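Input: a single structure, listed below in structure tokens.
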Amino acid sequence: MTRYAVLLLLGIAAASYYFANLPVSSPPPRDRGVELTGVKLRLYPRSDPKAEWVFYAARIENSPAKRTSVATGLREGARYVDGELDLTLDAPEVTIDRNDDLTLPYAVIRIPRECYEIKLGGEGEPPVRIRQDRGFYAPTFTLTGPGISVRGERFRSDFKLEEASWENGEDIVEMDNVKECAPNE
């Protein structure tokens, strides 16, 4: 009986040595998350419970490791407050982080109730950020609307444009840039 027990222990030791010395394969590539095409995405920010963002995108890719979602091929973007259109957004792509904040390479925001159009950032500039609890941050901007046309740097504003600030601003006197519109346009 002891002889069989010793042989069994030697067999287990040999098998353990063999398996312990097998080459270790590299781990599989990290899961890229979910990729969807032809998507309508609705975003309900926790820090702005009255707001709803709606995006129509050619593709949305979710990255669990980064905790972000990237919408590319954006065909339409809009923000609604209490069910009414607050603003529209045009951008080549939108990155949504874990706090529901948006990062864009550049964007054009239209605020229909005020007839404003705001061009935020530009190619080759730092990205534009939209924080749900605070509003817009952009390295450069151009705002046009009825009776106003201005551009500047380091633009910060809440969504209602009541607390807007910028640096190195200048009025644009070209009358082609001054827009007239009806509030429901």
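Couple of notes before you dig in:
- Taking all protein chains together and a 1.4 Å probe, the residues LEU22, LEU120 rank LEU22, LEU120 from largest to smallest accessible area.
- Computed from Cα atoms, the angle from the helix 2-20 axis to the main principal axis of the chain rounds to 30 degrees.
- Short to long, the 10 Å bins of the Cα pair-distance histogram for the chain hold 8, 29, 26, 11, 5, 5, 6, 5, 3, 1, 0 percent of all pairs.
- ILE148 long-range amide H proximity, modeled H, under 5 Å: LYS179
- Across the stretch 104-114, coupling constants 3J(HN,Hα) worked out from phi with the 6.51/-1.76/1.60 Karplus curve, θ = phi - 60°, read 9, x, 6, 7, 10, 10, 10, 10, x, 5, 10 Hz, and Gly and Pro carry x.
- Solvent-accessible surface of the stretch 34-172, taken per residue with a 1.4 Å probe and all protein chains present: 52 Å².
- Placing unit charges on the Cβ atoms only, positive for Lys and Arg and negative for Asp and Glu, gives the chain a dipole magnitude near 1440 debye about its Cα centre.
- Per atom type, the stretch 34-172 shows carbon and sulfur on 45% of its accessible surface, probed at 1.4 Å.
- The HN-Hα couplings worked out from phi for the stretch 119-129 by the Karplus form 6.51 cos²θ - 1.76 cosθ + 1.60 (θ = phi - 60°) are 8, 10, x, x, 4, x, 9, x, x, 8, 10 Hz, whole numbers, x standing for Gly and Pro.
The values are calculated or read from the model by the stated rules, or taken from the named source; none is laboratory data. Source: prediction; values computed, not measured. Glycine gets a Cβ as well: all are built from the backbone with ideal geometry, and neighbour counts include every protein chain shown. The accessibility values were calculated without ligands, DNA or RNA, using every heavy atom of the protein model including side chains. Shrake-Rupley method; radii C 1.70, N 1.55, O 1.52, S 1.80 Å.
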